[in-house]
Amino acid sequence: MTRREVIAAASSKLGRRLPDYVLSNALATGHISRPERYEGGWFNFQPKHVDQLVEYVQRRAHRARKFQLSPLN
């Protein structure tokens, strides 16, 4: 599965479009396990990576809402 397919699958599970950088951030911070690479250097994502990405986005969204300022501030 390619990066685009992972983002599309996670977006359909979440019900909204995810920006491309979300997957990069999740990989860089270690929230998603490193996928295997093809010989040409392309990543080979699995369905477990989609589930990890959905979990990462849901956790971050909860944390972001927790620290948001109220509209009155």
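Scan the range 1-19 for residues that are β-branched (Val, Ile, Thr) and in a helix (DSSP H, G or I) and report the count.
Start the filter on the range 1-19 by keeping residues that are β-branched (Val, Ile, Thr), which leaves 2, 6-7.
Pick out the ones that are also in a helix (DSSP H, G or I) and you get 6-7.
Adding up the residues that qualify gives 2.
Yes or no: Val22 assigned to a helix (DSSP H, G or I), out of contact with any Cys (no Cβ under 9 Å at 6 or more places or on another chain) and touching a residue at least 40 places away in the same chain (Cβ under 8 Å)?
Answer is no for this residue.
Pairing each residue of the range 26-42 that is without any contact (Cβ under 8 Å) to a residue 12 or more places away in the chain with any residue that is assigned to a helix (DSSP H, G or I) and of a type in the set (A, V, I, L, M, F, W, C), provided the two are 6+ apart or on different chains, yields no C-beta distance under 7 Å.
Each value in this text was obtained by applying a stated rule to the coordinates, not by laboratory testing. A quick note: this is a predicted structure, and the numbers were derived from the prediction, not measured. All Cβ positions, glycine included, derive from the backbone under ideal geometry; neighbour counts span all protein chains shown.
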